[in-house]
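Since the structure comes first, as structure tokens, the remarks are kept for the end.
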Amino acid sequence: MEARLQQARVGAWDDERLVAEAVTLAGQILEQAMKGQTLGERYRGWKLQRMLDDPGGKAFTMALVDTVFRPPSWERSAALLSQMVARLGLPVSFPWYERLGLRLAAELGPVLPTLVMPLVAAMVRYESREVVLPGEDEKFQSHVAKRKAMGARLNINLLGEAILGEEEAERRTSENVRKLESEDCDYISVKISTILSQVNVLAYDDTLEKLKEPLRMLYRTAMTHRGTDGGAKFVNLDMEEYRDLHLTADLFREVLEEEEFRELEAGIVLQAYLPDSYLLQRELTEWAQERMASGGAAIKIRLVKGANLAMERVEASVHGWTQAPYGTKAEVDANFKRMLHFGCRKENAAAVRIGVGSHNLFDVSYALLLRAREGVEDRVVLEMLEGMANHQARVVEGLAGGLLFYAPVVTEDDFGSAIAYLMRRLDENTAPKNYLRDLFGMWPGGPRWAVQRRRFSEACQKRGEVSSRPGREQNRDIEYAVVDFEGGFENVPDTDWTREENRSWIWRALLTEETRRPEVLPLQIEGKDRKSGKKAMSSDPSDPEWPGDSVVLADAGMVEKALATADLAGMGWESTVEERSKLLKLVACALGRARGRLIAVMVRDGGKTVAEADGELSEAIDFANYYAEAFSDEGLADGVEASPLGVVVVAPPWNFPLAIGCGGVLAALMAGNAVILKPSPDAVLAARRMAEVLWEAGVPKKLL
């Protein structure tokens, strides 16, 4: 194997030769790893592969980890375990003694929960000890010493519950600081979501400023506490949600640009499953080159493929967006190769060290040969997950001359915090086409090997073809809603606030509304505005100093006039269902075009946040489109005759000034009724603007 690396250093290998040699080297690494595998490692690999190949085993394991240990009491956990065993049965892929133990736990747990369930929890913790390290000092220090003896380092990630408040964020930041101060930690990874409770991309600049001080604390600690190599300790900014991508990158750059940290080397993670990551890698590399040219230190970028695909898919589905990651595994693999090639260019590697985070032996071999060919072996480090495949890691460490393990750490008291990590890793391992799914059932020349080799070769061939265009490109500033009279119902997308264009768009709308002078909000009766009469003052709940708009109140005579007008107007509202459907679709389009203005009004008039108001506006548009299709079901034409009620009064609550009122109005109109809208005085402006949009779309004024 070393001879092959030497050939790469001195030979003029082209990319095609590099791919072929990487396949051969991967086979050699796997063969040597299998020979050096301990009995315990063989057993754990055998057991894990049996579970991965068994759908029932996978379902049971995920349910056990994600369900049974969530409740705060052992009694509830015991009941859930008993129900789960009765519903799912015990997986045949589990060893007989584990099935027996779980059967006894399911039967005895409800009777002796405080005795049985801690034993079950201890079993789960024991089984996951290789993947999630124990945080207790003595146990952790023992593991650190073992890794140092083999020439490897640990990248420590302190697991914890979701941050719900600033007190918790400060505690988590302090924990990371204390870990950096300890002698058994040289390298630590943190996410911005663990050092600030309110990460809000809508408040982008404010969030960025609030993140800076906790990151400065970590950087200062790294600079003042030397690692085992005599240099500063290392802080790595980890990546999780797509939402945090550019916020994390901007935080990384802006803090490291401060004079205090110009000579500090720090790192950031980029996920290859995001098309955006390649362009961001180029930007960060150019910035790092400029930083070094002005006397600053280099940086490090850790390349990973990404492990939050399920979450990103759910978020995209909920909001009606295109998912941020690539749509196929082949694209992810190709982008990973492209980013690796870019990072291994000598002029780029001089300013940006590269960490290659992968267990795919084809990718590992490719990285080893590529860095040797480019002469940047001292600038590219191999990284693996702690406990995932130790027998392979030992071979890679010896061949690479070092290895960095990504090591999640949790104490026994906080083991519940490890559940989300374990679930994500389990889901990642079992995903179709994922290399880790075949990891323990593969041998050179075998069927699983052949499949993974083909996927690797195809990804290498397509690395120059894969798109770097972001998956989410929504731009409210230039989009123009159009009417689709033929299409069926489909939820409209919410606004994607990760897009800078959309943030700028809404701030302009808010500024226009905030600088507006208070106005008299009239009654609308007989299609005419009535501004005289008794008035009440509306207010902005978020700005008590603002004088507010004046709202004209109706007296008894005006109420009678409104009822008579609506009754008369409703008599002429005998248009066909098809005509009313088209009108509601025009309304949906008009609401979409007025989105920015209506959001700003809800913020000012109802004290809504922008995100809340945007979701409410989407709901109003959905009401219009849904009710437009309400009579299209063939089952309605079964002999039942429908007739309008006449006049419908809609009185929405103040806390949903647009969606509920709009839904009631449109449902009544679609059914052929006239409507009297009676909003709360504190939400009358939103109702007025909504009515204006409806009128602009063609709803006769006398009907509303």
| How much of the accessible area of the range 1-87, probe 1.4 Å, is carbon plus sulfur, in whole percent? | 55
| query | How big, in percent, is the set of alpha carbon pairs in the range 257-339 lying more than 20 Å apart? | reply | 45
| said: If I take every Cα pair under 8 Å that is 6 or more residues apart in the chain, average their sequence separation and divide by the length, what percent do I get for the relative contact order? | reply: 13
| message | Taking a ≥ b ≥ c as the square roots of the Cα gyration tensor eigenvalues, with a/c under 1.5 meaning rounded and otherwise prolate when a/b beats b/c, else oblate, which class fits the range 609-687? | response | oblate
| said: For the chain, what does the accessible surface come to per residue with a 1.4 Å probe? Please give it in Å². | reply: 45
| Which order do peptides 193-201, 449-457 fall in by mean Cβ count within 10 Å, highest first? | 193-201, 449-457
| field | Packing-based ranking, highest mean first, of 10-20, 147-157 given that Cβ atoms within 10 Å are counted | value | 147-157, 10-20
| message | Could you work out what % of the accessible surface of the range 169-238 is carbon and sulfur, using a 1.4 angstrom probe and leaving DNA, RNA and ligands out of the count? | response | 46
| message | Please report the net charge: other residues with Cβ closer than 14 Å to the Cβ of L208, K and R +1, D and E -1. | response | -4
| Charge tally in the Cβ shell below 14 Å around A149, where Lys, Arg are +1 and Asp, Glu are -1, A149 excluded | +3
| With labels modelled as points extended 7 Å from the Cα through the Cβ direction, what inter-label distance (nm, one decimal) is found for R171 paired with R99? | 4.3
| field | Estimated dipole of the range 1-62 in Debye, rounded to 20 [Cβ of Lys and Arg +1, of Asp and Glu -1, Cα centre] | value | 400
| Partner lysines for K702 [C-alpha distance under 20 Å; skip if fewer than 8 residues away on the same chain] | K528, K531, K561, K582, K585, K678
| query | How do the peptides 369-375, 496-502 rank, highest first, by the average count of neighbouring beta carbon atoms within 10 Å per residue? | reply | 369-375, 496-502
| remark: Share of accessible surface on carbon and sulfur in the range 471-605, whole %, 1.4 Å probe and ligands ignored, is 53
| said: Could you check the spin-label model distance between T228 and A556? Points 7 Å from the Cα along Cα→Cβ, value in nm. | reply: 9.0
| Given charges at beta-carbon only (K, R positive; D, E negative), |dipole| of the range 1-116 in Debye | 440
| message | Under a crude label model (7 Å from the Cα following the beta-carbon direction), how far is Q6 from E254 in nanometres? | response | 5.2
| query | Going from the alpha-carbon gyration tensor of the range 1-145, what semi-axes, largest first and in whole Å, does one get by taking the root of 5 times each eigenvalue? | reply | 43, 19, 13
| remark: Taking a straight Cα-to-Cα line shorter than 17 Å from K346, and setting aside same-chain lysines fewer than 8 residues away, one finds K300, K337
| field | Lys, Arg +1 and Asp, Glu -1 on Cβ, resulting dipole of the chain about Cα centre, debye, nearest 20 | value | 1840
| message | Need the list of lysines near K47 for cross-linking: C-alpha distance under 21 angstrom, and skip anything on the same chain fewer than eight residues off. | response | K35, K58, K433
| the chain - share of DSSP beta bridges that are antiparallel (%, nearest 5) | 15
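The values are calculated or read from the model by the stated rules, or taken from the named source; none is laboratory data. Predicted model, so just to flag it, every value in this text is computed and none were measured. With ideal geometry, Cβ positions are generated from the backbone for all residues, glycine too; neighbour counts draw on all protein chains shown. In case anyone asks, the SASA skips ligands and DNA or RNA and just uses the protein heavy atoms, side chains included. Shrake-Rupley method; radii C 1.70, N 1.55, O 1.52, S 1.80 Å.
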